[in-house]
Amino acid sequence: MSDKRKLFGGAITIDLPSNLVDVSAIREVPDTQEVFISPSSEASYVIEILQRVDPSDPKDAARFHFDALADDNQATTSSITNIDVPGPPLPIGEDALVASIDKDSKSNLDSEREGEAVQQSSKEPETSSKTDELSTPSPIFLHGQQTVKKFNRTVPDEVQIMLALYRIEGKSVDLVFTANLPVATEAGDGMSEDQLKEAKDAFITAAHSLRIDDFGLFV
């Protein structure tokens, strides 16, 4: 079960598991971050606004942010399992129909729709919320592992990292959504296989649900 959460004053929305606790209700969180934790495990979820990194290749950019996270975590080891880059966005509306038929039929459809297109041009433009929704970039997914030594613990935790990267074009911003999922801890409270699968599925669903409603958030 998930709830729609408003982030950064409502500029971004995302569907997150309903049991997650907003850390800002417990302690101060930087203005560039939204942090949530699970009450039933040590899993944490972070949405962060970061400076856009130099690599233009999406896989290299995702690796850069993963390595930066490993550095922040003072990870003793880290490895990447896979990176999934989305394909080009599918066309919408009539264009989606045009894309699905052969080239010969396309010219006929264009002729038949010409009058309708003139009619459509006089209609009211799409609302800003619709435009913003369509402008939200598709996430680049990365799955990896890090070995992280927690405070007051002698044995490092094995943590699976789920990362979704949204490259905000024209704003010099990378929006990074990460889930830190401990699978083996000194205290023996790592996530079970079922919990891990559920958390991964929830992360992917949340990442796809993220919508940027106000691009004025990014200066």
Out of all the residues in the stretch 1-51, which are under 17 Å from F218 (Cα atoms), among the charged types (D, E, K, R) and buried (at least 17 other Cβ atoms within 10 Å of the Cβ)? E34
In this structure, does I204 turn out to be touching a residue at least 12 places away in the same chain (Cβ under 8 Å), among the aliphatic types (A, V, I, L, M), within 19 Å of I80 (Cα to Cα) and surrounded by fewer than 20 Cβ atoms within 10 Å (Cβ to Cβ)? yes
Out of curiosity, is E193 surrounded by fewer than 17 Cβ atoms within 10 Å (Cβ to Cβ), assigned by TED's automatic domain parsing to the domain that holds P17 and either free of Cβ contacts under 8 Å to residues at least 24 places away in the same chain or among the β-branched types (V, I, T) (or both)? yes
Which pairs do you get when a residue that is within 14 Å of I14 (Cα to Cα), found in the stretch 27-55, comes within reach of a residue that is surrounded by fewer than 16 Cβ atoms within 10 Å (Cβ to Cβ) and of a type in the set (A, V, I, L, M, F, W, C), reach meaning Cβ atoms under 9 angstrom, with the pair 6+ apart or on two chains? V35/V29; F36/V21
So in the stretch 147-186, with the set limited to residues that are aromatic (F, W, Y) and under 18 Å from F64 (Cα atoms), which one is surrounded by the fewest Cβ atoms within 10 Å (Cβ to Cβ)? Y166
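The values are calculated or read from the model by the stated rules, or taken from the named source; none is laboratory data. All values reported here derive from a predicted model rather than from experimental measurement. Using ideal geometry, Cβ is built from the backbone for each residue, glycine included, and neighbour counts are taken over all protein chains shown.
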